[in-house]
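The values are calculated or read from the model by the stated rules, or taken from the named source; none is laboratory data. Values in this document were obtained by computation on a predicted structure and should not be read as measured data. Neighbour counts run over all protein chains shown; Cβ positions are idealised from the backbone, glycine included. Protein only, heavy atoms only, side chains kept; ligands, DNA and RNA dropped before computing areas. Shrake-Rupley method; radii C 1.70, N 1.55, O 1.52, S 1.80 Å.
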Amino acid sequence: VGGAVASVLALKVGTEQLLLVVAGLLVVAIVLVRLIASYRLPVLRTRRDEVLPWSLAVSAQKIAASPHLKVLASLVFVGALATTIVDFQFKAAAAGAGFDRDELTAFFAAALSVMSAIGLVVQLGVVRPVLRSLGLGAAILVLPLSLLLGESTLIVAGGLWAAVFMKASDGAFKHSIDRSSKELAYLPVPMDIKVQV
């Protein structure tokens, strides 16, 4: 919804004025957080036998000691690297498409709005059936394979719409099936180790 509103406002009030709108929304968010924080909600306490030291070195040791965590860390690293490259290519293709500043802002906002909607549909209608029928191993490959297909399309066809297709793959699957799959992959990890790493 925010992207759809921003795509309209960018063309009506301009990109710079959208910053004022965002600042206003942040003020509203601060007020809402303060109101919510004023309610005294019961605190859920968990039993902890020991307090783990919190450092990067200890986390790295825990990851290095577990083949399962090494695979998960590798997936997270490669996924972050790939989606960062996809994001850069998408923005570079859009910047080279001849939009002025406000049109570019509106384009990004509309594209992100559509990607969020697609991601919601995937989360609600695709994730569970894919996980149940194909399993975690196949589900965790959906994002990398879709990015590979999108990247191939960009290399072969080039242009803005190939970049949009590639970014749409990222937007549709990163926060839906990919995230759900990774969360499931963390289930066998004991809670104290999961929090540490």
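Could you give the alpha-carbon Rg of region 144-195 over 2.2 N^0.38 Å, rounded to two decimals?
This ratio for region 144-195 stands at 1.56.
Once you keep just the Cα pairs under 8 angstrom separated by 6 or more residues, what percentage relative contact order results for the chain?
For the chain, the relative contact order is 31 percent.
According to a simple spin-label model (label point 7 Å from Cα along Cα-to-Cβ), what is the distance in nm between Leu187 and Val28?
Result: 3.8 nm between the two label points.
So if we plug the beta-carbon distance of Phe77 and Ala117 into 1/(1 + (r/R0)^6) with R0 = 41 Å, what FRET efficiency do we get, rounded to 0.05?
Numbers: r = 29 Å, r/R0 = 0.70.
It comes out at approximately 0.90.
Mind checking which lysines have their Cα closer than 25 Å to the Cα of Lys70? Skip sequence neighbours fewer than 8 apart in that chain.
Leaving aside lysines fewer than 8 places away in the same chain, those within reach of Lys70 are Lys62, Lys174, Lys182, Lys194.
How much accessible area per residue does the chain have, counting only protein heavy atoms and a probe of 1.4 Å, in square angstrom? If you can, show how the numbers build up before the last one.
Working: 13110 Å² over 197 residues.
Using a 1.4 Å probe on heavy atoms only, each residue of the chain averages 67 Å².
Straight-line reach only, C-alpha to C-alpha below 13 angstrom: list the aspartates and glutamates that Lys167 could link to, leaving out same-chain residues fewer than 8 apart.
Lys167 reaches Asp87, Glu151.
Under the rule a/c < 1.5 gives rounded, and otherwise a/b versus b/c splits prolate from oblate, where does the chain land using the Cα gyration tensor?
Because a/c hits 1.5 or more and a/b fails to exceed b/c, the chain counts as oblate.
Using a 1.4 Å probe over the heavy atoms of the protein chains, calculate the carbon and sulfur portion of the accessible area of region 92-197 as a whole percent. If you can, show how the numbers build up before the last one.
Values: 3960 of 5760 Å².
Answer for region 92-197: carbon and sulfur cover 69 percent of the accessible area.
Leaving out ligands, DNA and RNA but keeping every protein chain, what accessible area does Ile63 have, in Å² rounded to the nearest 10, with a 1.4 Å probe?
Accessible surface of Ile63 is approximately 40 Å².
What does the extension gain come out to for Gln61 and Val126, with contour length at 0.36 nm per residue minus their alpha carbon separation?
19.8 nm
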